[in-house]
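*Asks:* Before anything else, here's the structure in question.
The values are calculated or read from the model by the stated rules, or taken from the named source; none is laboratory data. This is a predicted model, so every value here is computed, not measured. Using ideal geometry, Cβ is built from the backbone for each residue, glycine included, and neighbour counts are taken over all protein chains shown.
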Amino acid sequence: MSAEVARPHSREFVQALAAELSKLWSLPAVWLTLGGSLILNLVLAAAFVSAGLQDLTGTPNALDIGLASISYIQAGYIVLGIVASCSEYTGGQIRTTLTAMPRRSLQLIAAHLALMIVVVPAALITATSGVLLAAIALGDASAPVELGSTVGILAGVTGYLGLTTLISASFGVLLRRTLPAAIVVLGYYFIAGPLLREQTAHAKYLPDTAGLAMWFPQPGDASALSPVHGATVLVAWTLGAFVVALAVYRKRDT
Amino acid sequence: MLTIHRLVKRRGSRTILSGISFQARSGRVTGFLGPNGAGKSSTLRILLGLDSATSGEALINGVPYARLRNPLATVGALLDGSGAHRARTGRAHLNWIARSAGLPRSRVDEVLAIVGLTDAASQRVGSYSLGMGRRLGLAAALLGDPEVLILDEPVNGLDPEGIRWIRTLVRERAATGRTVLLSSHLMGELAETVDDVIVINQGRIVADGTLAEVIDGHGTLENAFFALTTPNGGRVAQ
Amino acid sequence: MRAITAELSKLFSLLSVWVALAIGMIVPTAIAALNSVSTRKEIALGDHTAVGIDMGYQELAFGVIGAIIIGVVAISHEYFAESGESGGGRQITTSLIAIPSRLRFLFAKATAVAMVSAVLASAAAIATMAAIRIVLGEHAPEIGSEDVPRLAGIVCYWVLTALLAFGITVLTRHGIVPLAILIVNTSVVTVTYLLTRLTSLAYYFPDMAGIRMFIRNLEDSTVEIAPLVGGLVMTAWVAALLIIAAIVFCRRDA
């Protein structure tokens with residue numbers, strides 16, 4: 001008979017993390033989304049390079065041009081976060097999850113951490129490949145780019161995409177169904193957010209605009225947030241979304 | 001041992017369980033019967049910590065499910081369907097569950113062999129038949145070699161061979177001193193498998209005892225069931 | 001026809017469709033109201049050129065997201081039912097037993113989508129123009145006989161976009177991909193618009209051609225397309241897509 005040998009919380013968490021990583025690993029949608037985003041990003045980056053070469057008004061900058069596509073490609077990361085959360089609600093898997101890992105806070109934290117572990121390298125590769133493509137294609141035509149600022153900005157993009165994925169995952173947990181969650185989050189990031197940015201100065205504290213400050217500095221705008229300030233605001237939004245999602249998740253009949 | 005004590009569940013103004021109490025003892029197979037919507041699934045879901053109780057307790061070896069230190073080694077549960085995402089393979093589904101309890105991969109192969117899914121292990125769950133999905137759910141339930149089995153309609157979707165296999169499985173588990181709680185609509189099947197019977201109707205326990213005690217005076221379990229759960233004792237209106 | 005009524009009642013039983021209707025109404029109306037408020041300020045400062053020729057129409061181009069959602073969920077809900085319960089019954093099987101002719105099924109569905117989108121577009125156009133009128137009062141642009149074909153253009157654009165979303169979803173079955181792509185491309189700066197910087201052929205993408213039906217002053221446009229031609233180009237795209245979708249749908253196992 002299996003005895004109730006106490007399993008330390010630390011080991012329980014490591015095992016939950018391993019289970020959540022295994023789930024992401026074995027879900028084809030995760031690989032399709034990440035791979036699709038990477039390829040589409042390169043295609044868009046090539047298009048931006050080509051447009052940049054034709055544009056004679058200014059000297060193209062490999063960093064700006066290589067990252068211009070990120071504001072579109074973030075859709076892939078938003079979808080990934082939502083799909084990762086909502087996949088629990090397909091085929092009644094959530095019941096298997098909660099019977100295997102009944103401590104819901106621990107399980108949800110492990111799931112979000114696992115998502116981070118998958119997304120951060122993918123985002124870094126995606127962003128770097130776009131910049132490399134732009135740098136190689138532009139060659140001498142590019143304005144000089146400092147290595148230090150490049151590393152900082154690539155870190156900013158990676159952090160932005162990672163945190164945006166987590167916010168999307170929290171919305172997935174809250175709404176449970178893929179399409180409604182995608183409508184809400186994509187609608188915000190692609191329609192409401194950009195329009196609010198034009199309408200009000202307070203928009204700089206919203207998650208999309210604050211996050212933009214992490215990798216898309218606006219030297220001309222004195223009131224804009226600094227990268228660190230932007231990152232702090234975005235982390236606060238991410239934590240806020242997670243806390244709300246967790247509160248609902250813990251109480252919910254599944 | 002499973003203990004349900006004065007369990008109440010309300011959803012909005014609807015009362016689903018009105019203070020039910022019963023036990024499923026070690027070394028015995030307990031059958032849990034009731035018509036559709038009687039509260040069977042709600043009871044099992046509360047027992048597994050999936051739904052919260054309005055009041056009362058549902059305990060496994062004296063502890064609520066969420067406080068079990070090693071849930072998979074304590075309880076194996078099969079609810080309706082496979083409980084698996086359709087895009088994963090059967091083996092990948094069992095792999096992540098095994099990880100959550102730190103079980104070795106070899107255990108996944110063992111349970112796949114036990115339920116007869118070894119050949120289909122690399123197929124997507126979406127391509128499984130109803131019976132194969134149920135077998136996968138059973139494999140997940142057996143993964144931690146648990147002390148308690150909770151099976152909701154386990155024979156649903158299984159072929160005759162699978163039904164006989166389940167019967168043997170639960171008898172063997174009980175014979176080694178473990179606890180089995182199973183619900184079913186198939187009276188004939190239950191009568192051959194269970195030691196104790198609990199009948200629930202409209203959120204209340206209407207019978208609780210050994211198989212012989214519940215059948216007493218009705219001839220068969222089916223007659224007893226209809227007598228307990230329908231106003232006219234199950235006589236078909238002419 | 002009974003099949004169309006059945007499809008209409010299916011559509012209205014979906015929560016996502018009601019959300020789509022709300023989004024389709026609120027998004028263009030709210031943006032138009034906000035833009036009118038800033039226009040009124042500019043007029044007060046003496047800038048009488050502030051009222052642009054495309055006022056109201058531009059905002060309605062964003063509202064098309066409502067039509068996109070309707071087109072996507074009309075098909076995707078047949079394939080994937082997400083819920084805590086397992087089994088995830090695929091309604092498509094039931095639907096095809098009820099209407100064995102697949103072509104008739106698809107036709108009925110497309111007709112229902114087109115009808116709902118047309119009504120939504122008309123209502124959104126009225127609400128948007130009314131919002132501008134309420135905020136700007138006497139300064140609001142006149143609506144005369146030359147606006148009739150433009151307003152008809154809006155309705156055509158929404159219906160065609162809904163059918164475009166519908167056709168793509170028939171091919172992908174899951175709604176998330178068409179939803180993400182089409183929402184991203186409804187953004188303030190659309191991907192197809194960026195591609196026009198690269199090649200003037202991009203003006204013949206369905207959305208870029210379609211907006212010619214009602215937008216009169218397309219920024220930096222290097223190619224002029226008459227409204228009727230634009231409408232025909234978009235119609236040709238949608239017709240081609242629907243034919244492909246119909247062929248695939250009829251040949252595929254449900």
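*Asks:* Name every residue in the range C:33-63 that is within 11 Å of chain A (Cβ to nearest Cβ), more than 27 Å from C:Ser9 (Cα to Cα) and surrounded by 24 or more Cβ atoms within 10 Å (Cβ to Cβ), in order of residue number.
*Replies:* Residue satisfying the conditions is C:Glu59 alone.
*Asks:* Which condition number does A:Gln93 fail, the rest of (1) buried (at least 19 other Cβ atoms within 10 Å of the Cβ); (2) in contact (Cβ under 8 Å) with a residue 24 or more places away in the chain being met?
*Replies:* (2) is the only condition that A:Gln93 fails.
*Asks:* Something else about it: Within the range B:77-88, is even one residue more than 14 Å from chain C (Cβ to nearest Cβ) and either outside any helix (DSSP H, G or I) or among the β-branched types (Val, Ile, Thr) (or both)?
*Replies:* no
*Asks:* For the range B:89-105, enumerate the residues that are more than 7 Å from chain A (Cβ to nearest Cβ) and over 15 Å from A:Pro28 (Cα atoms).
*Replies:* Of everything in the range B:89-105, those that are more than 7 Å from chain A (Cβ to nearest Cβ) and over 15 Å from A:Pro28 (Cα atoms) turn out to be B:Leu94, B:Ala98, B:Leu103, B:Pro104, B:Arg105.
*Asks:* Here is a further query. I'd like the residue in the range B:76-128 that is polar (S, T, N, Q) and without any contact (Cβ under 8 Å) to a residue 12 or more places away in the chain and, out of all such residues, is nearest to B:Tyr65 (Cα to Cα).
*Replies:* It comes out as B:Ser106.
*Asks:* What's the number of the only condition in (1) touching a Gly at 6+ places or on another chain (Cβ under 9 Å); (2) within 30 Å of A:Pro8 (Cβ to Cβ); (3) without any contact (Cβ under 8 Å) to a residue 60 or more places away in the chain that B:Gly131 fails to meet?
*Replies:* If we test B:Gly131 against (1) touching a Gly at 6+ places or on another chain (Cβ under 9 Å); (2) within 30 Å of A:Pro8 (Cβ to Cβ); (3) without any contact (Cβ under 8 Å) to a residue 60 or more places away in the chain, just (2) comes out false.
*Asks:* Every residue in the range A:212-230 that is crowded, with 20+ Cβ neighbours inside 10 Å, of a type in the set (A, V, I, L, M, F, W, C) and either assigned to a helix (DSSP H, G or I) or in contact with a Lys or Arg (Cβ under 9 Å, 6 or more places away or on another chain) (or both), please.
*Replies:* A:Leu212, A:Ala213, A:Leu225
*Asks:* Return a yes/no flag: does the range A:65-72 have any residue that is surrounded by fewer than 24 Cβ atoms within 10 Å (Cβ to Cβ) and either among the aromatic types (Phe, Trp, Tyr) or over 30 Å from A:Ala51 (Cα atoms) (or both).
*Replies:* Yes, that holds for at least one residue.
*Asks:* Looking at the range C:209-224 only, could you name the residues that are surrounded by 20 or more Cβ atoms within 10 Å (Cβ to Cβ) and either modelled with pLDDT of 90 or more or more than 16 Å from the chain's Cα centre (by Cα) (or both)?
*Replies:* C:Ala209, C:Gly210, C:Ile211, C:Arg212, C:Met213, C:Phe214
The rows are residues; the columns are (1) more than 14 Å from chain C (Cβ to nearest Cβ); (2) at pLDDT 95 or above.
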site	(1), (2)
A:Pro60	no, no
A:Ile70	no, no
A:Ala75	no, yes
A:Ile78	no, yes
A:Gly92	no, no
A:Leu98	no, yes
A:Leu106	yes, yes
A:Leu113	yes, yes
A:Met116	yes, yes
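*Asks:* Next question. Which ones in the range A:46-58 are more than 12 Å from every other protein chain (Cβ to nearest Cβ) and hydrophobic (A, V, I, L, M, F, W, C)?
*Replies:* Residue satisfying the conditions is A:Leu56 alone.
*Asks:* Looking at B:Gly34, B:Gly49, which one is more than 9 Å from chain A (Cβ to nearest Cβ), crowded, with 22+ Cβ neighbours inside 10 Å and touching a helix residue (DSSP H, G or I) at 6+ places or on another chain (Cβ under 6 Å)?
*Replies:* Just a single option satisfies the conditions, and that option is B:Gly34.
*Asks:* Could you please give the count of residues in the range C:183-201 that are facing chain A (nearest Cβ under 10 Å) and either in a helix (DSSP H, G or I) or within 20 Å of C:Glu78 (Cα to Cα) (or both)?
*Replies:* 6
*Asks:* Is it fair to say C:Ile132 is surrounded by fewer than 20 Cβ atoms within 10 Å (Cβ to Cβ) and among the aliphatic types (A, V, I, L, M)?
*Replies:* No.
*Asks:* Right, here's the next one. Would you mind finding the one in B:Ile97, B:Ile20 that is within 30 Å of A:Ser22 (Cβ to Cβ), crowded, with 16+ Cβ neighbours inside 10 Å and at pLDDT 95 or above?
*Replies:* B:Ile97
*Asks:* Here's something else I'd like to know. Out of all the residues in the range A:69-96, which are of a type in the set (S, T, N, Q) and farther than 15 Å from A:Ala245 by Cβ?
*Replies:* A:Ser69, A:Ser71, A:Gln74, A:Ser87, A:Thr90, A:Gln93, A:Thr96
*Asks:* Restricting to the range B:19-52, give me the number of residues that are touching a strand residue (DSSP E or B) at 6+ places or on another chain (Cβ under 6 Å) and either closer than 27 Å to B:Ala174 by Cα or of a type in the set (Ser, Thr, Tyr) (or both).
*Replies:* Matching residues across the range B:19-52 total 21.
*Asks:* Related question: Looking at (1) more than 14 Å from chain C (Cβ to nearest Cβ); (2) among the aliphatic types (A, V, I, L, M); (3) touching a helix residue (DSSP H, G or I) at 6+ places or on another chain (Cβ under 8 Å); (4) surrounded by fewer than 20 Cβ atoms within 10 Å (Cβ to Cβ), can you tell me which one B:Leu72 breaks?
*Replies:* Evaluating B:Leu72 over (1) more than 14 Å from chain C (Cβ to nearest Cβ); (2) among the aliphatic types (A, V, I, L, M); (3) touching a helix residue (DSSP H, G or I) at 6+ places or on another chain (Cβ under 8 Å); (4) surrounded by fewer than 20 Cβ atoms within 10 Å (Cβ to Cβ) leaves (4) as the failure.
*Asks:* Considering only residues that are assigned to a helix (DSSP H, G or I) and of a type in the set (Ser, Thr, Tyr), look in the range C:127-173 and name the one that is nearest to the chain's Cα centre (by Cα).
*Replies:* Restricting to residues being assigned to a helix (DSSP H, G or I) and of a type in the set (Ser, Thr, Tyr), the top hit is C:Thr161.
*Asks:* Let me ask you something else. Can you tell me which residues in the range B:58-76 are closer than 18 Å to B:Lys40 by Cα and in a strand (DSSP E or B)?
*Replies:* B:Ala58, B:Leu59, B:Ile60, B:Val75, B:Gly76, listed by residue number.
*Asks:* Right, something else. Which of (1) touching a Pro at 6+ places or on another chain (Cβ under 8 Å); (2) in a helix (DSSP H, G or I) does B:Ala212 not meet, given it meets every other one?
*Replies:* (1)
*Asks:* Something else now. Given A:Ser50, A:Ser26, A:Ser85, which one is surrounded by fewer than 21 Cβ atoms within 10 Å (Cβ to Cβ) and either more than 30 Å from A:Val151 (Cβ to Cβ) or charged (D, E, K, R) (or both)?
*Replies:* So the residue among A:Ser50, A:Ser26, A:Ser85 that is surrounded by fewer than 21 Cβ atoms within 10 Å (Cβ to Cβ) and either more than 30 Å from A:Val151 (Cβ to Cβ) or charged (D, E, K, R) (or both) is A:Ser26.
*Asks:* Return yes when A:Leu132 is away from chain C (no Cβ under 14 Å) and either basic (Lys, Arg) or within 20 Å of A:Met116 (Cα to Cα) (or both) and no when it is not.
*Replies:* No.
*Asks:* Are any of the residues in the range A:167-185 of a type in the set (D, E, K, R) and touching a residue at least 40 places away in the same chain (Cβ under 8 Å)?
*Replies:* There is at least one residue in the range A:167-185 that is of a type in the set (D, E, K, R) and touching a residue at least 40 places away in the same chain (Cβ under 8 Å).
*Asks:* When A:Leu98 is evaluated against the numbered criteria (1) in a helix (DSSP H, G or I); (2) in contact with a helix residue (DSSP H, G or I) (Cβ under 6 Å, 6 or more places away or on another chain), which criterion, by number, is the only one it fails?
*Replies:* (2)
*Asks:* Continuing with this model, one more query. How many residues does the range C:144-182 hold that are within 14 Å of another protein chain (Cβ to nearest Cβ), touching a Pro at 6+ places or on another chain (Cβ under 8 Å) and surrounded by fewer than 19 Cβ atoms within 10 Å (Cβ to Cβ)?
*Replies:* The total comes to 1.
Residue-by-condition table, conditions (1) crowded, with 19+ Cβ neighbours inside 10 Å; (2) at pLDDT below 75:
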| site | (1), (2) |
| --- | --- |
| C:Ile65 | yes, no |
| C:Ser76 | yes, no |
| C:Gly87 | no, yes |
| C:Pro100 | no, yes |
| C:Arg104 | no, no |
| C:Val113 | yes, no |
| C:Ala123 | no, no |
